[in-house]
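The values are calculated or read from the model by the stated rules, or taken from the named source; none is laboratory data. Here the structure is a predicted model, which means the values were calculated and not measured. Glycine also receives a Cβ, built like all others from the backbone with ideal geometry; neighbour counts cover every protein chain displayed. Note: areas computed on protein heavy atoms with side chains; ligands, DNA, RNA excluded. Shrake-Rupley method; radii C 1.70, N 1.55, O 1.52, S 1.80 Å.
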Amino acid sequence: MSNATQLIHSIPVDPLTGSISVPIYQTSTFVQEAPGVNKGFDYARSNNPTRATLESIVAQLEEGAVGVAFGSGLAAIDAVLKLLKSGDEIVAVDDIYGGAFRLFTHVYEKFGIKVHYTDTTDAANVFEAITPETKLIWLETPTNPTLKVSDIKAIAKIAKARGCLLCVDNTFASPALQKPLTLGADIVVHSGTKYLGGHSDLIAGLVVTKDQALGEQVKFLQNASGAILSPFDSWLLIRGLETLHLRVKQHCLNAGEVALFLQSHPAVDKVYYPGLTSHINHDIAKSQASGFGGIISFTLKDDTIAAANAFVCATKYFKLAESLGGVKSLLCSPAQMTHKSIPVEKRLAAGVQDSLIRLSVGLEEAEDLIKDLEQAFEKIAANKARPVSLTEAIAN
Ligand SMILES: *Cc1c(COP(=O)(O)O)cnc(C)c1O
């Protein structure tokens, strides 16, 4: 059975009524026949049928034992961190999602959890960063925004040999392209806000574990800390998942065309897209994922904040917004948005130049998206050539 067929038919028909859409159980509690005698549900923080259905679908999708749904991607990451205790250490990808960095640094460090950041594209760096206290290896692959790719299989072997858990944030690839648990990872986390939901209409997070007992620990933390996903958002996420494979296929096709266009444009300096043979991690990306995703970053020859600003304000279909993975194309200037709080030197070392622009290539026709980018390049070139008036010069 193909992945798409399996996903679509992992969404159950309601046994009670035959409803083909999963019912939304908008309830806080469940009536019991006698104390402790119930139909498998007692209180909706602990368990809810709509959420339980979503969790089962996502667990199957990632080929894991247990899925656990949270109110955001960060709440999912937070739950994984709570598996650790004071004194434990984490080895993490240096290009980590900014929100995860904030959580690790400003919340968990004060509880005595230390994080070592390293360039995980070389598995040897991971091996060297591990100490006897290391309990968790944290990967994101591809990373944001320069789309660096790490070898999940090699790092999983290192994790196993050193007795650490390997957690992969699979948000950028999605399980339509990459299944870290089948490559040896122990845990997958997702911001369901992105490709899983796919329509920019919800915030959600997921944890999937390969192992049943570890999954039960995460479920315990979900109930104990309480950052659950609501029944409505669980339903909406199921609804988005129905078209995951279809959407991701088109995101990849569109992004492939846009990346080639950017690569050949004279105003563009670098293009970061794992599907391009020029990408430093192209080979490993090709070997562990079935496609290269919908995210592209690029820099301008005019490597200035002003040029990036002019560009991101000049597009029509690419809307200026944080986030990614939705039907509508988005773009952002990481230096001024997602990576603004990172010190300039650190930001530049991570490849986030002033003119770097990140695209989330949506589901419009690729040809229209390319035309949109083309007219934005023309507009910024014309603006640059135009003599500045006295009022503008004074205003600036
Ligand atoms: C967006 C994102 C998150 C955080 O998810 P939220 O749903 O916004 O809390 C985590 N990891 C990655 C890679 C993301 O892109």
- Label-point gap, in nm, between residue 225 and residue 52 - each point 7 angstrom along Cα→Cβ: 2.3 nm
- Query: Each residue of segment 198-210 in turn: what ³J(HN,Hα) in whole Hz from Karplus with 6.51, -1.76, 1.60 and θ = phi - 60°, glycine and Pro shown as x?
  - Reply: x, 10, 6, 10, 7, 10, 7, x, 9, 10, 10, 10, 6
- Note on the structure: With the dipole of the chain defined by +1 on each Lys or Arg Cβ and -1 on each Asp or Glu Cβ, the option from 4, 226, 300 whose Cα lies farthest towards the positive pole is 226
- At what distance in nm do the modelled label points of residue 320 and residue 33 sit from each other, each positioned 7 Å from its Cα along Cα→Cβ? 6.2 nm
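Calculate, for the chain, the solvent-accessible area per residue in square angstrom, rolling a 1.4 angstrom probe over the heavy atoms of the protein chains.
On the way: 17630 Å² over 396 residues.
For the chain, the per-residue accessible area is 45 Å².
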- Distance from the Cα centre of segment 44-114 to that of segment 222-252, in angstrom? 16 Å
- Can you list the residues, at least 5 places off or on another chain, whose amide H is less than 5 Å from the amide H of residue 24, using H built in the peptide plane? none
- Karplus-derived HN-Hα couplings along segment 104-117 (A = 6.51, B = -1.76, C = 1.60, θ = phi - 60°), whole Hz, x at Gly and Pro: 4, 7, 8, 10, 7, 4, 6, 9, x, 9, 9, 10, 9, 9
- Which residues qualify? For residue 169, with a placed amide H closer than 5 Å and at least 5 residues away or on another chain, they are 139, 140, 141, 189
- Query: What accessible surface, in Å², does a 1.4 Å probe find on residue 316, ignoring ligands, DNA and RNA and rounding to the nearest 10?
  - Reply: 120 Å²
- Query: In degrees from 0 to 90, rounded to the nearest 10, what is the angle of the helix 212-225 Cα long axis to the longest principal axis of the chain?
  - Reply: 80 degrees
- Note on the structure: Computed, not fitted: 222 nm per-residue ellipticity of the chain from DSSP H runs ≥ 4 (each -39500 (n - 2.57)), nearest 500, equal to -11000 deg cm²/dmol
- Note on the structure: Rounded to the nearest 10 Å², the accessible area of residue 354 using a 1.4 Å probe with every protein chain kept is 40 Å²
- In the Gaussian network model of the chain, springs joining C-alpha atoms below 10 Å, which of 333, 234, 290 carries the largest mean-square fluctuation? 290
- In whole percent, how big is the carbon plus sulfur part of the accessible area of the chain, probe 1.4 Å, protein atoms only? 57 percent
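Provide the net charge surrounding residue 337, with neighbours chosen by a C-beta distance below 15 Å and charges set as Lys +1, Arg +1, Asp -1, Glu -1. Present the calculation step by step, with values, prior to reporting the outcome.
On the way: positive: 102, 319, 340, 347, 358; negative: 322, 354.
Around residue 337, the charge tally is +3.
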- Message: Can you tell me the orientation of helix 244-263 relative to the chain, as the angle in degrees between its alpha-carbon axis and the longest Cα principal axis, to the nearest 10?
- Response: 20 degrees
- Message: As I understand it, the dipole of segment 44-170 uses +1 on the Cβ of Lys and Arg and -1 on the Cβ of Asp and Glu, about the Cα centre. Which of 61, 142, 98 lies farthest toward its positive end?
- Response: 61
- Message: Given the options 36, 333, 25, identify the residue whose Cα lies farthest towards the positive end of the charge dipole of the chain (+1 on Cβ of Lys, Arg; -1 on Cβ of Asp, Glu).
- Response: 36
- Near-label residues of segment 242-265 by backbone N, under 18 Å of a point 7 Å along Cα→Cβ of residue 385: 265
- Give, in nm to one decimal, the length gained when the segment between residue 122 and residue 161 is fully stretched (0.36 nm per residue of separation minus the Cα-Cα distance). 12.3 nm
- Quick one: P(r) of segment 149-231 from all Cα-Cα pairs, 10 Å bins, percents rounded to integers, in order of increasing distance. 17, 44, 32, 7, 0
- Pulled fully out, how much extra length does the chain show between residue 287 and residue 86, if you take 0.36 nm times their separation in residues and subtract their Cα-Cα distance? 68.7 nm
- Item | Nearest 10 degrees, 0 to 90: helix 366-385 Cα axis against the chain principal axis | 40 degrees
- Over all alpha-carbon pairs in segment 239-365, figure out the percentage whose distance exceeds 26 Å. 21 percent
- Interchain or sequence-distant (5+) residues whose placed amide H lies within less than 5 Å of the amide H of residue 47 are 42
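From the protein chains alone at 1.4 Å, what is the descending order of accessible area for 62, 109, 128, largest first? Intermediate results must be reported in sequence, preceding the final value.
Values: 62 0, 109 85, 128 140 Å².
My answer, sorted largest first, is 128, 109, 62.
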- J(HN,Hα) series, segment 177-183, from Karplus relation 6.51 cos²θ - 1.76 cosθ + 1.60, nearest Hz, glycine and proline x: 10, 8, 10, x, 5, 6, 9
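Mind checking the dipole of the chain: about its Cα centre, +1 per Lys or Arg Cβ, -1 per Asp or Glu Cβ, Debye to the nearest 20?
Numbers: 35 positive and 41 negative charges, 53 e Å.
So the dipole magnitude of the chain works out to roughly 260 debye.
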